[in-house]
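All remarks here apply to the structure that follows.
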Amino acid sequence: MPSPIIHIDNIIKTYGPLTVLDGLSMSVMPGEKLALIGPSGSGKTTILRILMTLEKINGGHIEIDGEQLYHMQKAGGLVAADERHLQKMREKIGMVFQHFNLFPHKCVRDNITLAPMLTKGIARAAAEARAMELLDMVGMADKAKSMPAQLSGGQKQRVAIARALALSPKIMLFDEVTSALDPELVEEVLNVMRKLAAETDMTMLLVTHEMGFAHDFADRILFFDKGRIVEEGKPDDIFRNPRQERTQTFLRKVIAAGHRV
Amino acid sequence: MIDWSGYLGLILQGALVTVELTVMGSALALVMAFAAGLGRLSRFAVIRMLATVYIEFFRGTSIFVQLFWAYFVLPFAGITLTPLQAGVLALGLNVGAYGAEVVRGAVRAIGREQHEACVALNLGRYHRMRHVILPQALPLMLPTFGNNAIELLKGTAVVSLISLTDMTFQAQVVRAQTGSTLIPFATILVLYFAMATAISAGVRWLERRAARGLDGVRV
Ligand SMILES: Nc1ncnc2c1ncn2[C@@H]1O[C@H](COP(=O)(O)OP(=O)(O)OP(=O)(O)O)[C@@H](O)[C@H]1O
Ligand SMILES: [Mg+2]
């Protein structure tokens, strides 16, 4: 059996007096597609942000691809990671944000080529060729020279996905990537993600309120509540036969709110 | 009858000195503004403190006193400056301190999500600043930089106090020699105004260019 690509061990995350994650542990296997669902404020975003090194943890350990994320070996002991170590670890991880976070002063193509050229030293011509491939994959090749302000939300998000893919991370994190979109634009983004899931062996972690999509996309569903994993399992088991009371209540609520399962 | 052409020539020579002071002072101010403005955002406490001391000191004392220090006191420390050098130094450091706050404010106005996108794309601190934050912050700085440059232009007149022959100095010479106040001072009024207008137009042009880069139709 292969070893997990992500291993989260007993992490603690607090904001002032508020403990958001209290001794959370979980593992993700290479290539696994994982959906994190749960009520608002349950800590789903926080987990992704911690994996992307956008938040510090207050305790515990995280191992990515066999290496400590927030710690490093030094003088025989484990010490807090420095910026260099974090930069090395970030090469393995990419993230797509709810609000796209494109660079507004750069055209679509340059949004994508910037990081590969600067962080991997890839020549402009090669980076642009790769950017065009990725834009083609997300159906945005004809907008390569447009500025982000000229795009719809769905188009922006597809560009943001291409931008994250350009660094070829082993792990991709998606935080509610469709929830800022008008309903009619959701599907074009979900289609891109379906294609990604089918065509790549990247490990993908997805936070979503689209239960139908989570069901089709994920190999495994984690249901979170109050910073803990309440229930996990295969999509069919979670959605058809949730065992935990809290999972049942949550799913009843989202279905009542009009999300299809 | 007074021969005005000779006197006007004198004032134009002074105008050249004023332009020189403005250009060189603005260049120094720009450098100081970025050095101190980014210094105040440094993660090193020592650099933040140095930047803060510089900014507070030069904003808290008058340009007049600073100029006299640069010209009359520094020689005691073994540093002798020409009047032009002293003028550029005092003006540049003084206006740079105001500019530093502009730089800091503009950089801080760029949202957290831009920084986070940079982290997610693994851009280091330098690349983040150079390629993502500053290009977006620069258009926000330009209008105030334009104001600062005009303030600097108007401030150049103080250098006449250390006998630098700028436009104001020459106007006083002409006044002393001809007895006419109206003509030399009307002339420099027009010239100062023309220079300030040129600065405004230049900055507006830069703003338009910067805006086009941001949301326009670049092909
Ligand atoms: N920067 C912060 N400062 C203080 N509290 C925070 C901060 N970020 C998140 N929190 C709190 O941490 C908890 C978990 O937040 P998180 O964003 O991870 O929830 P979530 O599961 O993603 O919720 P949602 O479905 O609404 O996005 C919430 O109670 C939130 O208020
Ligand atoms: Mg969230």
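The values are calculated or read from the model by the stated rules, or taken from the named source; none is laboratory data. As the structure is a computational prediction, the values presented were derived from the model and not from experiment. Every residue, glycine as well, gets a Cβ built from its backbone with ideal geometry; the counts of neighbours run over all protein chains shown.
Sort through A:44, A:88, A:56, A:120 and tell me the only one that's within 16 Å of ligand 2 (Cβ to nearest atom) and basic (Lys, Arg). So that I can check it myself, show each step before the final result.
On the way: A:88 fails: within 16 Å of ligand 2 (Cβ to nearest atom); A:56 fails: within 16 Å of ligand 2 (Cβ to nearest atom); A:120 fails: within 16 Å of ligand 2 (Cβ to nearest atom).
Going through A:44, A:88, A:56, A:120 in turn, just one is within 16 Å of ligand 2 (Cβ to nearest atom) and basic (Lys, Arg): A:44.
For residue A:111, are the conditions met, namely being of a type in the set (S, T, N, Q) and modelled with pLDDT of 95 or more?
yes
Here residue A:79 meets the list (1) away from ligand 1 (no atom under 16 Å from the Cβ); (2) β-branched (Val, Ile, Thr); (3) crowded, with 20+ Cβ neighbours inside 10 Å almost entirely, failing just condition (3). Looking only at segment A:31-55, residues that are away from chain B (no Cβ under 14 Å), surrounded by fewer than 18 Cβ atoms within 10 Å (Cβ to Cβ) and within 16 Å of ligand 1 (Cβ to nearest atom) come to 3 in all.
Within segment B:153-161, does at least one residue satisfy the condition of being at pLDDT 95 or above and either within 23 Å of residue B:87 (Cα to Cα) or assigned to a helix (DSSP H, G or I) (or both)? Spell out the reasoning first.
Here is the first cut: in segment B:153-161, the ones at pLDDT 95 or above are B:153.
Okay, now just the ones that are also either within 23 Å of residue B:87 (Cα to Cα) or assigned to a helix (DSSP H, G or I) (or both), so B:153.
Yes, segment B:153-161 contains a residue that is at pLDDT 95 or above and either within 23 Å of residue B:87 (Cα to Cα) or assigned to a helix (DSSP H, G or I) (or both).
Take the residues in segment A:10-30 that are surrounded by 15 or more Cβ atoms within 10 Å (Cβ to Cβ) and away from ligand 1 (no atom under 15 Å from the Cβ); name whichever of them is farthest from the other protein chains (Cβ to nearest Cβ). Looking at residues that are surrounded by 15 or more Cβ atoms within 10 Å (Cβ to Cβ) and away from ligand 1 (no atom under 15 Å from the Cβ), I get A:29.
Output the residues belonging to segment A:15-41 that are more than 16 Å from ligand 2 (Cβ to nearest atom), among the polar types (S, T, N, Q) and either in contact (Cβ under 8 Å) with a residue 60 or more places away in the chain or under 12 Å from residue A:224 (Cβ atoms) (or both).
A:19
The C-beta contact set for segment A:73-101 (first residue in contact (Cβ under 8 Å) with a residue 24 or more places away in the chain and within 14 Å of another protein chain (Cβ to nearest Cβ), second residue of a type in the set (Phe, Trp, Tyr) and buried (at least 21 other Cβ atoms within 10 Å of the Cβ), distance under 8 angstrom, 6+ apart or interchain) comprises A:95/A:174; A:96/A:174. For the condition within 14 Å of chain A (Cβ to nearest Cβ) and over 16 Å from the mean Cα position of the chain (by Cα), residue B:117 qualifies. Across segment B:112-123, not a single residue is classified as in contact with an Asp or Glu (Cβ under 9 Å, 6 or more places away or on another chain) and part of a helix (DSSP H, G or I). Residues that are over 14 Å from the mean Cα position of the chain (by Cα) and either within 14 Å of chain B (Cβ to nearest Cβ) or crowded, with 18+ Cβ neighbours inside 10 Å (or both) number at least 1 in the following strands (runs of 3 or more DSSP E) confined to segment A:146-230: A:220-225.
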